[in-house]
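Written below as structure tokens is the structure these notes are about.
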Amino acid sequence: MAFPSSNAQAVTAAKPVDAAVAASNAAAASFAALLEKLDYLTEAEAEQVRLAYRYADQAHLGQLRSSGEPYITHPIAVAALCASWKLDAQALCAALLHDAMEDCGITKSDLVERFGTPVAELVDGLTKLDKLQFNTREENQAESFRKMLLAMARDVRVILIKLADRTHNMRTLSDMPRSKWRRISSETLEVYAPIAHRLGLNQTYRELQDLSFRHLHPWRYETLSKAVARSRNRSRDSVQKMQSDVDAAFVRMGLPARVSGREKTLYAIYQKMTEQHLSFAQVIDLYGFRVVVASVLDCYTALGVLHQAFKPVPGRFKDHIAIAKLNGYQSLHTTLVGPAGLNVEFQIRTEEMHIVAEAGVAAHWLYRARAASGEVGESAEPMDTQWLQSLLDIQNETRDAAEFWDHVKVDLFPDAVYVFTPRSQILALPRGATVVDFAYAIHSDVGDRTVGARINNEQVPLRTELRNGDVVEVMTAQGARPNPAWLGFVRTARARSKIRHYLKSLVQAESAGLGEKLLAQALRAEGIQQLPDAQEQSALWDRLLHATGSRSQTELLTDIGLGRRIAGIVAKRLAGLLAEGGQRPDAVLLSRERYAGHENLSQGAITVDGSESAPVQYATCCRPVPGDPVVGYLGRGEGLVVHHAQCGVAQRLQRKDAERFIAVDWADEPARLFDAGITVTVNNGKGVLARIASELSNSEADIVRMDMDDAMATTELRFVVAVRDLSHVEAVLRNLRRAPSVVRVWRVLPHAA
């Protein structure tokens, strides 16, 4: 998916002077048309917009679009779209200037000086990062969108201007080389249309989808367009009769209503055909009506009138007034059976709901303008921007641009379910959301400490998907922490980013602890009894950090714990710095540590018991258990990996990378069970597998995983079982050997060749 510059139209060299004069006149005429739409602004505000136009016109002088029109016609068209939403003067100025920084060499300070900080911030939020260098195109794309979305979260006018910009570029995309159609249309369909939908700008959402479809699949678009036109002609009489019957029904009831026809968009028809594998003839809900009435009570009255006049289709009624959609959309939906068996959807709403349904977050400015002119009786509250604010939370926990963009994409398709808290508060979550998503939607502390849940008073697993109308109760515990396995099923970006942030913090803290232990042991091998105190010898640590290029002591210790640095090398450098300060190594300690017990390994032994979590892993190639001779390998960025000393994989690594190995000893009391690999060859027969499983159970060895290979007379069963230690493994092997039908039993260890 590509991210072209915001001026999706190419800029070409200036024409001769006479042509430039004609172009200037054409641009002025276009701006005159824009001025006619600014009657909702004060004279001072309109003058500010006029100044922004003159500045942009001068900045873009000599630049042409691919169509041959003066480039200034594009900013004017973007501003005109913003004016249709009744955006304020600052937003209109930013719309006129939105390409000035990117294409004309104008700086942010220039804009601050001439138009003020708010306008400059809006333009800066719209300006991409083309001048910065990134390793890959994908990084550039992700970083550009991260910047734009964060600017949008701080000021929603940024995305309104951006969507107006993209809409005009899509309207004029046919003027561009055909080779660019797919790239720009795909980005619009995958990014900008979902953002418009997420923010409730349904009119813009539908237009962007249809324009993208038209340029991505021109032949399919044309074919479908002709099919819809033929269907429209065939159904015209039925649809007109239904509308006249509906109008008459409302007149009889004395209910004032504005009824207008609507047709499913071409892209929506195409999407339904492809997703449900339908032919065009099988798509039965092409037509619909919108009924606009005065009040919420009238909406339900109108619903009753329609259901009296026509039969409703069972299961097709939705009340989005009582429970609004995530993007603020409210309407009653019902599908009725019209003349000739034609299914027709009706959307019933008030005038205010209609404005929100079409303009989404832009409805705030439309309401304000209408209230000022007396068209509506009361000013509505601004749209709920909870999703926008959540972007800032995600950014605080996710500094990586690509990861940020992954989180945002999760929330761009909010097909919602509506659930209740035990106190009857309604929460809207994306379809597929689980109990954990619900917990994080309440509060991040609730999510972090979740241990169980009840849905409709029944105990359920945390991965349970929520359904409409569920009453969800979350159980928490003070010492509970997020589980990495939750990342496999959570649906919302908020939950995903919170869990990842916690796990990263946990890994860093545990890795720093392991790194401190490794450095202390490596320092003992240099004859120094203990690490110097960070506070008492801060100057020494500063010199060490400078020498190693680390920003902090925590970062240095974390790098050691994750295997990014070798503890022995850092210890030698630290010992050298201590020697410069007059501290000499202890000769007795030096001899004992270097030559007792672990001559072939670079650092002193570290004790493990299975409770170390992220920084310490137990190799799956050999599956060591307490009692086995073991060694530790500091993989680059992986932390400490514990191998069986006879493991062939470990022996090959040690020949190539000996300085990364350290000695490891088991603790006297292991903290958990460990996995061991066992293979059993059995004679084929009825009930053999059940007997082997029973024998493992009698030996108190839990089966973690099993697979098998069949031969003519025998079967090889491969188990991974959870055991306490080496003596437990040996007891399991002895019991299996005594079982009937068992030919051979052995523990799986990858020995060196």
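If I take every Cα pair under 8 Å that is 6 or more residues apart in region 220-373, average their sequence separation and divide by the length, what percent do I get for the relative contact order? The partial results should precede the final answer.
On the way: 194 pairs, mean separation 33.9, N = 154.
Contact order relative to length: 22 percent.
Each peptide in 449-455, 697-703 gets a packing score, the mean of other Cβ atoms within 10 Å over its residues, and the list from highest to lowest is 449-455, 697-703.
When the chain is fully extended, how far beyond the present Cα-Cα distance does residue 718 get from residue 37, taking 0.36 nm per residue of separation?
Numbers: separation 681, 0.36 × 681 = 245.16 nm, distance 7.61 nm.
Length difference between fully extended and current span is 237.5 nm.
Taken along the Cα-to-beta-carbon direction at a fixed 7 Å, the label points for residue 697 and residue 61 span 8.9 nm. In plain terms, the bigger the Kirkwood radius, the slower the diffusion; for region 254-335, with that radius from Cα pairs, at 25 °C and 0.890 mPa s, Stokes-Einstein puts D at 168 µm²/s. Could you calculate the FRET efficiency of residue 217 with residue 285 from 1/(1 + (r/R0)^6), where r is the beta carbon distance between them and R0 is 25 Å, rounded to 0.05? Between residue 217 and residue 285 the formula returns 0.70. Ordering 83-96, 49-62 by mean Cβ neighbour count within 10 Å, with the highest value first, yields 83-96, 49-62. Rounded to the nearest whole Hz, the Karplus-based 3J(HN,Hα) values (6.51 cos²θ - 1.76 cosθ + 1.60, θ = phi - 60°) of region 49-56 follow the sequence 5, 4, 5, 5, 4, 4, 5, 5, with x at glycine and proline. Remark: spin-label model distance residue 186-residue 477 equals 4.8 nm, labels positioned 7 Å along the Cα→Cβ axis. Each residue of region 421-429 was assigned a 3J(HN,Hα) from its phi angle through the Karplus curve 6.51 cos²θ - 1.76 cosθ + 1.60 (θ = phi - 60°); the sequence is 7, x, 9, 6, 7, 8, 10, 9, 10 Hz, with glycine and proline shown as x. Fully extending the segment from residue 548 to residue 252, taken as 0.36 nm per residue of separation minus the present Cα-Cα distance, adds 98.0 nm. Distance between the pseudo-spin-label points of residue 274 and residue 620 (7 Å out from Cα toward the beta carbon): 3.6 nm.
Output the pairs from 162/226; 108/498; 86/162; 517/572; 37/180; 264/318 with a Cα-Cα distance over 25 Å in this structure; if there are none, say none.
Details: 162/226 32 Å; 108/498 34 Å; 86/162 15 Å; 517/572 15 Å; 37/180 33 Å; 264/318 18 Å.
Check vs 25 Å cut-off fails for 162/226; 108/498; 37/180.
Between region 259-308 and region 666-724, how far is it from one alpha carbon centroid to the other, in angstrom? Rounded to whole Å, the Cα centres lie 60 Å apart.
Listing 541, 746 from fewest to most neighbouring C-beta atoms within 10 Å gives 746, 541. Highest mean first, the peptides 626-634, 34-42 sorted by other C-beta atoms within 10 Å per residue fall in the order 626-634, 34-42. Computed extension gain for residue 731 through residue 343, at 0.36 nm per residue and net of the alpha carbon distance, reaches 132.5 nm. Residues 279, 505, ranked from the fewest to the most other C-beta atoms within 10 Å, line up as 279, 505.
Each reported figure results from applying straightforward, stated rules to the coordinates on display, with no laboratory input. As the structure is a prediction and not an experimental result, all values here were calculated from the model. Don't worry about glycine lacking a Cβ; one is built from the backbone with ideal geometry, like all the others, and counts go over all protein chains shown.
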